[in-house]
2 protein chains.
Amino acid sequence: MQKVLPRAGPADHEAGDPIRRRLTAFVELSPSDTRELEALTANSRRFPAQTPLLHQSDVPESAILVLDGFACRYKYLTNGRRQITAYLLPGDIFEPELDFRLPLDCALGTLTACRLTLVPRQDYEDLLRRRPRIALALQMARLTEAATLREWITNLGSRSGPERLAHFLCEVLFRLRTTGLASENQFSFPITQADLADTLGMSCVHVNRVLQKLRRDGLIELSGRKLTILKPDGLKTLAEYDASYLKVEATPLRPGSSARPAA
Amino acid sequence: MQKVLPRAGPADHEAGDPIRRRLTAFVELSPSDTRELEALTANSRRFPAQTPLLHQSDVPESAILVLDGFACRYKYLTNGRRQITAYLLPGDIFEPELDFRLPLDCALGTLTACRLTLVPRQDYEDLLRRRPRIALALQMARLTEAATLREWITNLGSRSGPERLAHFLCEVLFRLRTTGLASENQFSFPITQADLADTLGMSCVHVNRVLQKLRRDGLIELSGRKLTILKPDGLKTLAEYDASYLKVEATPLRPGSSARPAA
DNA sequence: CGCGACGTTGAGCGGCGTCAACTCGCGTGG
DNA sequence: CCACGCGAGTTGACGCCGCTCAACGTCGCG
């Protein structure tokens, strides 16, 4: 992977741009690939915050491209607790299982107001068939998703409150950077403390206290909906954060091969 | 779950059998598929308990078929804690990323004494290419793996100690059943309390106490290395356990299509 | 102006971690 | 044959992290 992003000026933020940026972080796309993506993301819909999109055991009939805003996968337990299992940031894509009509094991919904493009299953499969570079990039993205799940398990199982929060913030920072939505150490972070609680497996009162601690230690500044990382190294050290799980730099064995299964 | 498989008599436990049983739970294999698997698992090696097989950032050069024993993926943190992120039970397969030479984000090792077959990368890819039914079954297995990761996130983030342990035990029970290694409510469970602690994100002292509680409540009996579920329904209710994430019953869209990416 | 969503803070308590001691079974070496 | 060591399990004491309940401040919006 060459430099992850050209460090664009604000003029670079086109309509469906995050998708292109995310995919080009993995694979260089051809002009016609790019045009295809632009055509796809030309029509999009806005959804308000906290909107359920799919619920558990639904069978998804579209892929969902996230152009703007934060969405997530989550599960509800009968005791009322909600656990978020994955974040979908701008540039991320929710894919239905390609060869199957599988009921979802997780619900899907927005956290903040979002702009999304729904791509019907058939169109999406056609896209992957016609555009091997895009298919390859998506396969790589899938690998990072699986690695992220394992990272979350480690986070929830083995880290203290402050470490856990720090790790999560680092992840969001790095992921937003690849789509140009975070500067070196600052980004828009429109997430509720209650959402953070459901992400990190803590009560929202405790999330608040842990946030205070990170502030008191001069690591972050969070006001309004803007998060500033004051000491990026301090935060990464606290979290033992290593972003390599988000990258797929290894050379493919058969570069041009059409999409194949991913473990 | 209805009986997943023909519920074979004990005579059915052949050498590499768990692999076949696991795959046939997804897809009916042809006699030649079966023969191919038998040939593959004919040579296997034994490994003692607690043996590292691959460590983090290694690039795996083989697939690993688990014929007997429990293995796992895990990560170490610098504070010394170890987090187990996945169990590999008999019939499970560790796959290298197919089109890439990706360094691992997790280490791999045995928990108990194991019998394993190592299949060199190239042979493994050939197998998948020559045996579409096997490839399809493996793709389905991959889907259950991803769902299991999300289930673990929920488990670690949202459930109390007893619920967490109960959920884990239910998962192992159901997974062992599909390979015929668990009877209705009893199976060999050679896992250390320290390993359980690293699995569930608790200290091993606390694992002990939680186990006591499940015993005291008459839900389980664990002595020697044999676990008996005394009240399967009670345990499932406590854990809110729903095994559907382990199944892929939905009809494929294009049944015969060769392996395609899996989300 | 009032209401609801969100954030903040305090008090009290229980789950769970840590430290430490003790048991039991097993294998090894004296 | 017994002493010893070791790994695993068990139990108690103690303290802290994090949960619950509850009150209160602030902001944005109808």
Restricting to segment B:173-211, name every residue that is among the aliphatic types (A, V, I, L, M) and under 14 Å from the mean Cα position of the chain (by Cα).
B:Leu173, B:Leu176, B:Leu181, B:Ala182, B:Ile191
Which residues, counting only those in segment A:162-181, are more than 14 Å from every other protein chain (Cβ to nearest Cβ) and either of a type outside the set (S, T, N, Q) or in a helix (DSSP H, G or I) (or both)?
A:Leu169, A:Cys170, A:Val172, A:Leu173, A:Phe174, A:Arg175, A:Leu176, A:Arg177, A:Thr178, A:Gly180, A:Leu181
Which one is surrounded by the fewest Cβ atoms within 10 Å (Cβ to Cβ), of the residues in segment A:194-208 that are over 14 Å from A:Ser160 (Cα atoms) and hydrophobic (A, V, I, L, M, F, W, C)?
A:Val205
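Filter segment A:193-207 down to the residues that are closer than 13 Å to A:Tyr87 by Cβ and either away from chain B (no Cβ under 14 Å) or near DNA strand C (Cβ under 8 Å from one of its atoms) (or both) and list them by number.
Answer for segment A:193-207, where residues must be closer than 13 Å to A:Tyr87 by Cβ and either away from chain B (no Cβ under 14 Å) or near DNA strand C (Cβ under 8 Å from one of its atoms) (or both): A:Asp195, A:Leu196.
Quick grid of which residues meet (1) within 8 Å of another protein chain (Cβ to nearest Cβ); (2) in a helix (DSSP H, G or I):
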{"site": "B:Thr85", "(1), (2)": "yes, no"}
{"site": "B:Gly91", "(1), (2)": "no, no"}
{"site": "B:Glu97", "(1), (2)": "yes, no"}
{"site": "B:Pro103", "(1), (2)": "yes, no"}
{"site": "B:Thr112", "(1), (2)": "no, no"}
{"site": "B:Leu116", "(1), (2)": "no, no"}
{"site": "B:Asp123", "(1), (2)": "no, yes"}
{"site": "B:Ala141", "(1), (2)": "no, yes"}
{"site": "B:Ala147", "(1), (2)": "yes, yes"}
Only one of these is touching a Ser or Thr at 6+ places or on another chain (Cβ under 9 Å) and within 16 Å of DNA strand C (Cβ to nearest atom): A:Gly161, A:Gly157. Name it.
A:Gly157
Yes/no for A:Ser30 being polar (S, T, N, Q) and either more than 30 Å from B:Ser160 (Cα to Cα) or away from chain B (no Cβ under 14 Å) (or both):
yes
Scope segment B:52-83; condition more than 12 Å from chain A (Cβ to nearest Cβ) and not polar (S, T, N, Q); matching residues:
B:Pro52, B:Leu53, B:Leu54, B:His55, B:Asp58, B:Leu65, B:Val66, B:Leu67, B:Asp68, B:Gly69, B:Phe70, B:Ala71
In segment B:32-57, what residues are part of a loop (DSSP other than H, G, I, E, B) and within 16 Å of DNA strand D (Cβ to nearest atom)?
B:Pro48, B:Ala49, B:Gln50, B:Thr51
Candidate set from segment B:58-78 (those that are in a loop (DSSP other than H, G, I, E, B) and either loosely packed, with under 13 Cβ neighbours inside 10 Å or of a type in the set (Asp, Glu) (or both)); member that is farthest from the chain's Cα centre (by Cα):
B:Thr78
Which residues, taken from segment B:149-161, are in a helix (DSSP H, G or I), under 22 Å from A:Gly161 (Cβ atoms) and more than 7 Å from every other protein chain (Cβ to nearest Cβ)?
B:Asn155, B:Gly161
Scan segment A:209-244 for residues that are more than 13 Å from A:Leu165 (Cα to Cα), polar (S, T, N, Q) and either in contact with an Asp or Glu (Cβ under 9 Å, 6 or more places away or on another chain) or in a helix (DSSP H, G or I) (or both) and report the count.
2
Here the residues within segment A:87-129 that are β-branched (Val, Ile, Thr), in contact with a strand residue (DSSP E or B) (Cβ under 7 Å, 6 or more places away or on another chain) and closer than 24 Å to A:Leu173 by Cα are A:Ile93, A:Thr110, A:Thr117
Failed item, numbered, when A:His206 is tested on (1) assigned to a helix (DSSP H, G or I); (2) touching a Leu at 6+ places or on another chain (Cβ under 8 Å)
(2)
Report, by residue number, each residue of segment A:177-192 that is closer than 17 Å to A:Thr148 by Cα and either within 9 Å of DNA strand C (Cβ to nearest atom) or surrounded by fewer than 22 Cβ atoms within 10 Å (Cβ to Cβ) (or both).
A:Arg177
Pair list, Cβ < 6 Å and 6+ apart or interchain, from segment B:208-237 residues that are within 14 Å of chain A (Cβ to nearest Cβ) and over 14 Å from B:Phe189 (Cβ atoms) to residues that are in a helix (DSSP H, G or I) and more than 14 Å from DNA strand D (Cβ to nearest atom):
B:Lys236/B:Cys170
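Values in this text are rule-based calculations from the coordinates and carry no lab data. Small disclaimer: the values here were computed from a predicted structure and weren't measured. All Cβ positions, glycine included, derive from the backbone under ideal geometry; neighbour counts span all protein chains shown.
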